[in-house]
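Asks: Dumping the structure here so I can ask a few things about it.
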Amino acid sequence: MKRLIECVPNFSEGRDASKVDAIVAAMRSVPGVLILDRSSDADHNRSVVTLAGEPEAVAEAAIRGAGKAAELIDLTQHSGVHPRIGATDVLPFIPVEGCTIEDCVALAHRVGREIWDRYRIPVYFYEAAATKPERVNLEDVRRGQFEGLHEEAFRNPDRSPDIGEPRLHPTAGAVAVGARKFLIAYNIHLDTADVSIAKKIAKAIRFSSGGLRYVKAMGVELKSRDLAQVSINLTDFEQTPLHRVFEMVKSEAEHHGCSVVGSEIIGLIPRKAIELTAEFYMKLENFSPGIVLENRLAAAIESLAVQEIAKRPIADLAQPLLDAVAASTDAPGTGSVAALAGALAASIGEMAARVYSSNAPQGQVSAELCTKVQFMHVAAHKFLAAIDRSDESEQTVGSALHLSMESKTRHRVDVSLHIAESAAEVFEQLVQLEAMVVPSILSDIQMARLMATAAARGGLDSATADLITISDFEYVSEMKSRAATIEARLAPSPEPATQEKPREH
């Protein structure tokens, strides 16, 4: 898969397996969608399903799942310890490979409109997809739950849905559609049934109450197990790792006279999260991601693929793309060419940084230079994915999401401006890199800057051409302002003063 996203819909049904089966079957009916995991909890009365695949396929599966949930789940008859506003309560999109958070935001907005158009279920946007700052946090969107929001959405404009009428669906409620990074749903069980203790611990560890950054938590009672649970959402496991959360809950539990008896992961967890925790608990002196078998194997396979490509003449690699651009068809178009220019700029930058770092004397290779190498490598792969994304056929997007012509045009504008923004960021990194390396590499970096400039201006020109056809003055003004900001980042920097640089060894 060239582009891979994850979607983790949460459905307000965790007790009737036949209903969950039907919802999953509706999503599985979309070709190309992978159902990676499903889990249900009777006390929460909630099921979490993990989907993955190409964006359009995952989007269609999520839409169908929301439709089937609306058929089967009646929130007026629903009860459980987990907060909820809809039969499909939350619908987040997460970039995995070849996609960015901005791509997922655009996808979330299109899916939200489609859920309303097909099923008349109103939609709220949250996290990165939020259109209002007060709706970034899911807990703010979900305040009052289905029952409270059902009343307030109608009489309070500040609580009305982002998409749809100012009222909730009578039985299916509303859907919170979002875009975010990986989130770990992590529950820790206590050896007490006193839910007040779990609530005190949750308050102590969650960021909103002065606890750990990137931690959301609540205390709930699990009647089926006669114990209390600290239910946690960890929104950035790299900044606040799992073991830090566990240790704080353990300490707080001891303070309240109880202990931790177990924990569980809901859904899936990134490998890196386990690696970070393993390093902490095992105290491995030589630990690094490189000693993990799967990581080393993936790196070796990628290295072999690069070596095989390097054996082929550059002309042989470039000819198919040249033929496609020159052909009398609509794709690939200028957007793809701009993305290719950006990929070349980043690749040249990576090469220059690697050459310098491999030849520099020991001690002269800074952490900043190593960061530049990694940045350029990731940027090149993102541009590579954007080559195809820029020229998605309108027929494919339209058939998947039934978009209007203006919606398709807006999608092209978003992609074009994203290419331009990414190219401007590469341009800025190259300017910084130019001041770090030896004179013999400067010509390479200057060539990369020219390619990055071409990529940015190509994206800007493509967006400008599309904006002419859009009638929404407010949207056009917003996009033109965004374009002007990108343009300013490409302003030529003053010539650096001549100075003696270290010789290359």
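Asks: Kindly provide the set of residues from the range 13-40 that are among the acidic types (D, E) and assigned to a loop (DSSP other than H, G, I, E, B), ordered by number.
Replies: E13, D16
Asks: Which of the strands (runs of 3 or more DSSP E) contained wholly in the range 170-228 include at least 2 residues that are not aliphatic (A, V, I, L, M)?
Replies: 184-190, 215-222
Asks: A further question follows. Can L227 be described as buried (at least 18 other Cβ atoms within 10 Å of the Cβ), under 19 Å from L190 (Cα atoms) and in contact (Cβ under 8 Å) with a residue 40 or more places away in the chain? Steps first, please.
Replies: Working: buried (at least 18 other Cβ atoms within 10 Å of the Cβ): yes; under 19 Å from L190 (Cα atoms): yes; in contact (Cβ under 8 Å) with a residue 40 or more places away in the chain: no.
Spelling it out, it is not the case that L227 is buried (at least 18 other Cβ atoms within 10 Å of the Cβ), under 19 Å from L190 (Cα atoms) and in contact (Cβ under 8 Å) with a residue 40 or more places away in the chain.
Asks: Do any helices (runs of 4 or more DSSP H) entirely within the range 41-159 hold 1 or more residues that are crowded, with 24+ Cβ neighbours inside 10 Å and within 21 Å of the chain's Cα centre (by Cα), and if so, which?
Replies: Working: elements: 55-72, 101-119, 138-141, 145-155.
Filter on the range 41-159 gives 55-72, 101-119, 138-141.
Asks: Report, ordered by the first and then the second residue, all pairs with beta carbons closer than 9 Å, sequence separation of six or more or different chains, a first member in the range 152-165 that is in the same structural domain as V141 (by TED's automatic domain parsing) and more than 17 Å from V136 (Cα to Cα), and a second member that is of a type in the set (V, I, T) and surrounded by 13 or more Cβ atoms within 10 Å (Cβ to Cβ).
Replies: Listed by first residue and then by second, the contacts come to G164/I115; G164/I121; G164/V123.
The values are calculated or read from the model by the stated rules, or taken from the named source; none is laboratory data. What you are looking at is a predicted structure, and each value in this text was computed from that prediction instead of being measured. Here Cβ is always computed from backbone atoms with ideal geometry, including for glycine, and neighbour counts include all displayed protein chains.
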